[in-house]
Amino acid sequence: MNSPAPAKPLNGWADPLRFSPAKSESPAVVRFVTCTLAVLEREAHKLRQDPTDLVTRAIQPALWLLLFGQVFARTHAIPTGNWSYLEFLAPGILAQSVLFVAIFNGISVISERDLGIVHKFLASPSPRSALVLGKALSGGLRSLTQVVVVVGLATLLGVRFDLSFFHVAGVVALVVLGAAVFSTFSLLIASLVKTRERFMGIGQVMTMPLFFASSAIYPISLMPGWLQVVSRFNPLTYQVDGLRRLLLQGGDVSAGAIALDGGVLTIALCGLVALCARVYPNLVR
């Protein structure tokens, strides 16, 4: 009798639930990258099956640009330098929409725990940090549609963007980095609180302080002194700054400025991934 055919990898990548002993003995870097890509591919497959969430997420930035942006642009109350208020606001609303998509990404891991998927992940030899990073990068994948929504709508409203290839590539990188940071933060919260109700409550409480303690809708110079200090430790501030530099015409796109924004987000991501990898098993305890 013919022996049954071996199980195929999940959609072209190694399935993290089915690591063979040979694969588990492969170099640590290769195993880490393979597992991260496997988790990311799995999340992308889920997104293709149910893209409705992306459509609903486009409503909020549209309301901010059409209502809040139009009203405050008429008041001329906020100094924005050589940019109109809508030009100043658009990168901030892009960062805000990325934050709102990413911060609730952790609720999916609670559902996966209830289905027993997280237990299987933890039972595999997959590095915990790779499981966390793959999940975080999936938040970046979900957030890329927000770039199209915000840039497209703002362009219709008269905002002029610098859409050269390298600037767009930088915007994509910053969106993915920022979304990964807040997705990891979301996963960290989910691992600690463990229930949907508590997670939703904490997620809603955290989004507003992160948003208003950044330069998304007004310059940092307008903040009181204590809030300026807080904003310097807010990753969203650096994402907004980088997006503004890259998207708006006349922005400072010096290598040092962009490297600072990207470097802060990268350091924040590495720190959160390391921390979340330690508490991730608590989700099933």
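A short reminder: the numbers here are calculations on the coordinates, not readings from a lab. For clarity, every value in this text was computed on a predicted model and none was experimentally measured. For neighbour counting, all protein chains shown are included, and Cβ atoms are generated from backbone atoms with ideal geometry for every residue, glycine included.
Take the Cβ atoms of ALA123 and THR266, set R0 to 45 Å, and the FRET efficiency comes out at 0.90. Computed log10 I(q)/I(0) for region 16-284 at 0.08, 0.12, 0.15, 0.17 Å⁻¹: -0.34, -0.73, -1.09, -1.33, from the Debye equation with unit scatterers placed on every C-alpha and solvent omitted.
Think of each Lys and Arg Cβ as +1 and each Asp and Glu Cβ as -1; about the Cα centre, that makes the dipole of the chain roughly 680 debye. By its C-alpha gyration tensor, with a ≥ b ≥ c as the square roots of the eigenvalues, how is region 136-285 shaped: rounded for a/c under 1.5, else prolate for a/b larger than b/c, else oblate? Prolate is the answer for region 136-285, as a/c is 1.5 or above and a/b outweighs b/c. Given R₀ = 51 Å, FRET efficiency for VAL30-SER111 by Cβ-Cβ distance, to 0.05? About 0.95, to the nearest 0.05. Set the Cα radius of gyration of region 102-142 against 2.2 N^0.38 Å, with N its number of residues, and you get 1.16. With the simple spin-label model, which puts each label point 7 Å out from Cα in the Cβ direction, the LEU163 to ARG278 separation comes to 4.5 nm.
Fully extending the segment from LEU67 to LEU222 would add 53.6 nm, taking 0.36 nm per residue of separation and subtracting the current Cα-Cα distance.
Each label was represented as a point 7 Å from its Cα along the Cα-to-Cβ direction; for THR195 and VAL230 these points are 2.8 nm apart.
Relative to the longest principal axis of the Cα atoms of the chain, the long axis of helix 165-193 lies at roughly 60 degrees. Answer with one residue from ILE217, VAL273, SER254: the one whose Cα lies farthest towards the positive end of the charge dipole of region 190-285, charges on Cβ with Lys, Arg +1 and Asp, Glu -1. Projecting each Cα onto the dipole axis, the largest value belongs to VAL273.
Placing a label point 7 Å from the Cα of ALA44 along the Cα-to-Cβ direction, the residues of region 118-138 whose backbone N falls under 15 Å from that point are 134-138. For region 197-257 versus region 174-190, the inter-centroid distance based on Cα atoms is 15 Å. In this structure, HIS76 and ALA255 have a Cβ-Cβ separation that, at R0 = 30 Å, corresponds to a calculated FRET efficiency of about 0.35. Mean sequence separation of contacting Cα pairs (under 8 Å, at least six apart), scaled by the length of the chain, corresponds to a relative contact order of 24 percent. Per residue, the chain reaches -22500 deg cm²/dmol at 222 nm when only DSSP H runs of four or more residues are counted, each adding -39500 (n - 2.57).
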